[in-house]
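Peer 1: Handing you this structure, nothing more for now.
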Amino acid sequence: MSGLHVKMAGQTINDRLLAARHSIAGQGLAKSVCKATTEEMIAPKKKHLDYLVHCTNEPNVSIPQLANLLVERTQNTNWVVVYKALITVHHLLAYGNERFTQYLASSNSTFQLSNFLDKSGVQGAAGARIGYDMSPFIRRYAKYLNEKALSYRTVAFDFCKVKRGKEEGSLRMMNAEKLLKTLPVLQAQLDALLEFDCTANDLTNGVINMCFMLLFRDLIRLFACYNDGIINLLEKYFDMNKKNCRDALDLYKKFLIRMDRVGEFLKVAENVGIDKGDIPDLTKAPSSLLDALEGHLATLEGKKGSAANTPTQTASAQKNVASVMGALSSTSSSFGNAAASTRLDNQPNGALFIDDTLKQQALAEEEAAMNQYKNKIQSPTNSAANNPFLSTAPAPSQSIVDLFGPAPAGSTTAQTKASDDLLSLGNPFADMFGGQQQQQQPQQQQPGKVLTGDLDSSLAQLANNLTINKSASAQKPMQWNSPKNSSKPGATWSPQPIQATTGAGYRPMGPGMTLPPMPHTLPHTYHPPHFVMQQPGMVMSMPGAPMMQMGMAPPMRPALPPQPTTNQFS
């Protein structure tokens, strides 16, 4: 079923069959994972993510089983399934119980997606192009999640969940030795996040949009911890030995580089419509701070002739560092407030704050694509224009009757009850002259409605119209318009008596002719019913007159009425 991708109400048949298979097997956890990682190109639904978060808090739910199910979904060949599986893992790392993070970090199971590339044509040419464009972001995203798990394994806590701030921040209160070992781990995780390197033009679908929102959330928290650690490092800088000062200065220089890259990421967030109130301010420290740090390191290295060798210059540099720490403290406060805000966490499915212009543009593109699809379905490849049989269609003025086609536009085909459907089966001979017949006699029915009502009344009416009832008197011949002379006003014609063609030895009877009763001389067990059968090869029976046998001689034919001397059809 891997190649079956027919969509049903947003989901593919493959998604529904897989969910049904887990339901039958009683595997509710596996079904929820499949529901969150369907092939539908939208972000995982909030109800499925909330249920999986709830599962991480339940003591009777197997965390290894949940993690292995998600890792298994990342081995799918469809980029949508892989991407949504990674998003689900990231969501559980951010909002789920820490047991899930602990298992993912301790199991040493990483996402092997460094060579992932989706070149399948699952969604046609456009879908294959989207899969090709999304593959690099999937590889970078998987690398970040691997680094996130590795960071937890190294320092035994999540940088996005530790306390921040001046009073009780974990990195703000950390000693120098541990701080010098912790900051490189935090820096490696931040580098993996910044390597995602997307622009506003790359955020084209709900899957990557939710991924960007989760990364944006982590970026704020990571940089808030990073900034706290650098402030703590600078406060202890002048009390460190030469080796530690050298490492600390190198960390600060890398911090300045990461600060520029973080600023670029925040600009992308602003361009995609995230409110400016949710984007923290990034204040850079003056360059004089770097000069003071480098001067102190030169003092420790004992460089001869340096102006920083004197204790007076060292004390001055230390005061200069304390005076410019306000810029870093301002950044720490701004990022701390943004990290503490729950506005980003409450967005449905991690949706972006898209402005009206982008929203209208997306709606217009979606409407144009839907109209193109409808036109393609309704007009199949101009088949009427290329069909030679349809190119010489008859003119509307020609009187051609299609016995198997639809009823004429002018005819009324109103149905009153169920018996009409059984009896009015579209009589072509009654509908043939529906638009040309004149006003008939009051006792006759309209064309196309010869057989209406119940069966007995319809048969009696039919027998009365055909003048085969012995008790019926001679009817006045019906006046018909000739199809040839229908356009001439007043052109009427009188038809000859109806020539029966329903029997081999049948002869038309004159008006008022009766036959003596004939006894049944041949023994048989079947007596035909006394009603009209309009089938060839049979003789219609009349009340009071037995049916004439096929082998008997026909009765004497009466004299025909005088024929008209002129042919009215000419």
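Peer 1: How much FRET efficiency would the formula 1/(1 + (r/R0)^6) give for residue 241 and residue 290, where r is the Cβ-Cβ distance and R0 is 25 Å, rounded to 0.05?
Peer 2: With R0 = 25 Å, the Cβ-Cβ based efficiency is 0.80.
Peer 1: Residue separation times 0.36 nm, minus the C-alpha to C-alpha distance between residue 375 and residue 51: what's the value?
Peer 2: 112.5 nm
Peer 1: Once you place label points 7 Å from the Cα toward the Cβ at residue 13 and residue 29, how far apart are they in nm?
Peer 2: Label-label distance for residue 13 and residue 29, simple model: 3.2 nm.
Peer 1: May I pose another question? Give me the number: length gained by fully extending residue 341 to residue 191, i.e. 0.36 nm times residue separation minus the C-alpha to C-alpha distance, one decimal in nm.
Peer 2: Here the answer is 51.6 nm.
Peer 1: Same structure again: Using r as the Cβ-Cβ distance of residue 324 and residue 153, and R0 as 25 Å, what FRET efficiency do you calculate, to the nearest 0.05?
Peer 2: Values: r = 36 Å, r/R0 = 1.44.
After rounding, the FRET efficiency stands at 0.10.
Peer 1: Of the heavy-atom accessible surface of the stretch 121-233 (probe 1.4 angstrom), what whole percent is carbon and sulfur? Intermediate values should be presented prior to the final figure.
Peer 2: Values: 2050 of 4060 Å².
On the stretch 121-233, the fraction of accessible area on carbon and sulfur atoms equals 50 percent.
Peer 1: Which stretch or stretches of the stretch 209-229 have amide N atoms under 19 Å from the point lying 7 Å from residue 167's Cα along the Cα→Cβ direction?
Peer 2: It comes to 225, 228-229, nothing else.
Peer 1: Distance check, please: which entries in 163/236; 35/163; 161/276 exceed 26 angstrom between their Cα atoms?
Peer 2: 35/163
Peer 1: For residue 12, list long-range residues whose amide hydrogen, built 1.01 Å from N in the peptide plane, is under 5 Å from its own amide hydrogen.
Peer 2: The list, which skips near neighbours in sequence, is 39, 40.
The values are calculated or read from the model by the stated rules, or taken from the named source; none is laboratory data. A quick note: this is a predicted structure, and the numbers were derived from the prediction, not measured. Reconstructed Cβ throughout: ideal geometry from the backbone, glycine too, with neighbour counts over all protein chains shown. Only protein heavy atoms, including side chains, enter the accessible area calculation; ligands, DNA and RNA are left aside. Shrake-Rupley method; radii C 1.70, N 1.55, O 1.52, S 1.80 Å.
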